[in-house]
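Participant: A single structure is presented below for examination.
The values are calculated or read from the model by the stated rules, or taken from the named source; none is laboratory data. Fair warning: this is a prediction, and the values are worked out from it, not measured in the lab. For neighbour counting, all protein chains shown are included, and Cβ atoms are generated from backbone atoms with ideal geometry for every residue, glycine included.
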Amino acid sequence: MRAHEAGALHGQAGDRGPAWLRHPEDVNALVPSLWAENVAKSDGVVTVAGVGVDELAREFGTPLYVLDEADFRHRARSFREAFAGADVYYAGKAFLSVAAARWIAEEGLNLDVCTGGELAVALRAEFPPERIGLHGNNKSVAELRRALEVGVGRIIVDSFEEIGRLGALAGELGVRAPVMVRVTAGVEAHTHEYISTSHEDQKFGFSIAGGDAMEAVRRILADEGLNFLGLHSHIGSQIFVTDGFEVAARRVLRLHAQIASELGVVAPELDLGGGFGIAYTTQDDPSSPETLARGMRGIVEGECAALGVDVPRLSIEPGRAIAGPSTFTLYEIGTTKRVALDGGGARHYVAVDGGMSDNIRPALYSADYSCTLASRESTAEPVLSRVVGKHCESGDIVVKDEYLPADVAPGDLLAVPGTGAYCRSLANNYNHVPRPAVVAVRDGEARLLLRRETEDDLLALDLG
Ligand SMILES: *Cc1c(COP(=O)(O)O)cnc(C)c1O
């Protein structure tokens, strides 16, 4: 057992947290960097835009995704303002509902979708089709046809078959399809690091190094029905430094310049994708949109000058960085347990009324989260705890390591911040658990965006 960084006193039974986890000075206090702008605590009760979670739990039940609408809108606006002169596409796969699509439209952003289902939500919201981009490595003919019929602004092609299909559909419908080419720059981004690989063993994009990207552009230019807008590169998610972007942007811009010199076509646009990180726990230190914009602009302008080409119109695609911090998940605690550990000590297990059906990221990516007791103040000492769900998997973990007051008990509410992205959108019905509602709070008013699933919803598809 290693020594605890807070001192020997804290290296007691069950206290085996990761190195980054700090023993809290005040276990009741919120760490502001992890929470949406309008979240606060009042006498121990978490409030959002003036509404207490006790009230929200009574009215809407738990688990509940609680979204701070002003925070979501503000983050969207911050990206648009910081990247003025570029186009900001919100990556709808992070979180999409009709209301969210409307907010994105109202804040002046564009929208990325990657399936017919996401496109249907955007169209239901009357999102301007010319501001929609369609992604996906295996779009169906039906999805491509719908996109062309409604007039989406760009289709990011990802395979030679798709180029053929799109050309045929454009001919049939008598339209010109606006296309970008998804390229693999050979840079793989991970949290806190990036790896530059010569082989590019993943499903997305045309390889630059292997020559497929150039060939894709050639085929597009040869097809009258296709309008080549430019190259697209997305290197990964939850990235904190611009270094990975720098390597990717340099490789993509080199190809951009090569297309101009060899094929005589100056592509008007360049999309560098999304992936900007957020703070899930105190170990994360994300950059502001301003810092990202300055860094990315500098890289692109410098590289274009070196290559002697005009700077194309840039676009970026943040998803997590807009939706993620806006939302916390509210759970009710049902059971607690102290489990003896090999070699002595115990771990405090706290089970909540949701889990991997409403947040699969810990199980899928070993993602870390934090949490706070949300319904009262406690004077009990903080103990290292693990928050788990109600599903039939031992990997059903919500928060791997967090200090919670030793007296948390059934009936207490627990709030987990940073669950606005890739939680509701990845939610599932494992164990026939209904998916939670999403409620948006703004200026003291709460309204349902997505209602909770019911038992009838769960049984609706079962034909007996
Ligand atoms: C997922 C994805 C994004 C958004 O990623 P975030 O980490 O949510 O910012 C942007 N572009 C593409 C192509 C994606 O697949």
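Participant: Find all pairs meeting these conditions: Cβ atoms under 6 angstrom apart; at least six residues apart or on different chains; first residue within region 135-163 and over 22 Å from Leu270 (Cα atoms) and at pLDDT 95 or above; second residue basic (Lys, Arg) and assigned to a helix (DSSP H, G or I).
Facilitator: The qualifying pairs are Val141/Arg165.
Participant: Every residue in region 322-349 that is assigned to a strand (DSSP E or B), without any contact (Cβ under 8 Å) to a residue 60 or more places away in the chain and over 19 Å from Pro382 (Cβ atoms), please.
Facilitator: Ala340 - this is the single residue of region 322-349 that is assigned to a strand (DSSP E or B), without any contact (Cβ under 8 Å) to a residue 60 or more places away in the chain and over 19 Å from Pro382 (Cβ atoms).
Participant: Here's something else I'd like to know. What's the number of the only condition in (1) of a type in the set (D, E, K, R); (2) at pLDDT 95 or above; (3) in contact with a Ser or Thr (Cβ under 9 Å, 6 or more places away or on another chain) that Asp223 fails to meet?
Facilitator: (3)
Participant: Would you call Ala36 assigned to a loop (DSSP other than H, G, I, E, B), more than 16 Å from the ligand (Cβ to nearest atom) and free of Cβ contacts under 8 Å to residues at least 12 places away in the same chain?
Facilitator: no
Participant: While we're on this one: Does Ala76 meet the test of being surrounded by 19 or more Cβ atoms within 10 Å (Cβ to Cβ), in a loop (DSSP other than H, G, I, E, B) and within 16 Å of the chain's Cα centre (by Cα)?
Facilitator: For Ala76, the condition - surrounded by 19 or more Cβ atoms within 10 Å (Cβ to Cβ), in a loop (DSSP other than H, G, I, E, B) and within 16 Å of the chain's Cα centre (by Cα) - is not met.
Participant: Determine which single condition Asn137 fails, assuming it passes every other condition in (1) surrounded by 23 or more Cβ atoms within 10 Å (Cβ to Cβ); (2) within 11 Å of the ligand (Cβ to nearest atom).
Facilitator: (1)
Participant: Something else about it: Given the criteria away from the ligand (no atom under 16 Å from the Cβ), without any contact (Cβ under 8 Å) to a residue 60 or more places away in the chain and more than 27 Å from Ile208 (Cα to Cα), does Pro178 qualify?
Facilitator: Here the answer is no, as Pro178 does not meet what is asked.
Participant: If you check Asp15, Asp54, Asp112, which single one turns out to be of a type outside the set (Val, Ile, Thr), modelled with pLDDT under 95 and in contact with a strand residue (DSSP E or B) (Cβ under 7 Å, 6 or more places away or on another chain)?
Facilitator: Asp15
Participant: For Glu393, state whether it is acidic (Asp, Glu) and within 21 Å of Arg361 (Cβ to Cβ).
Facilitator: yes
Participant: Which of the residues belonging to region 173-195 are at pLDDT below 95 and surrounded by 15 or more Cβ atoms within 10 Å (Cβ to Cβ)?
Facilitator: Correct list: Thr184, Ala185, Gly186, Val187, Glu188, Ala189, Thr191, Tyr194.
Participant: Name the residues in region 247-300 that are small (Gly, Ala, Ser), surrounded by 19 or more Cβ atoms within 10 Å (Cβ to Cβ) and within 16 Å of the ligand (Cβ to nearest atom), would you?
Facilitator: Across region 247-300, the qualifying residues are Ala248, Ala249, Gly273, Gly274, Gly275, Gly277, Ala279, Ala293.
Participant: For region 211-232, which positions are touching a Phe, Trp or Tyr at 6+ places or on another chain (Cβ under 9 Å) and crowded, with 20+ Cβ neighbours inside 10 Å?
Facilitator: Within region 211-232, Ala213, Ala216, Val217, Ile220 qualify.
Participant: Now a separate question. From Val388, Val441, Val383, which residue is assigned by TED's automatic domain parsing to the domain that holds Gly354, away from the ligand (no atom under 16 Å from the Cβ) and touching a helix residue (DSSP H, G or I) at 6+ places or on another chain (Cβ under 8 Å)?
Facilitator: Val441
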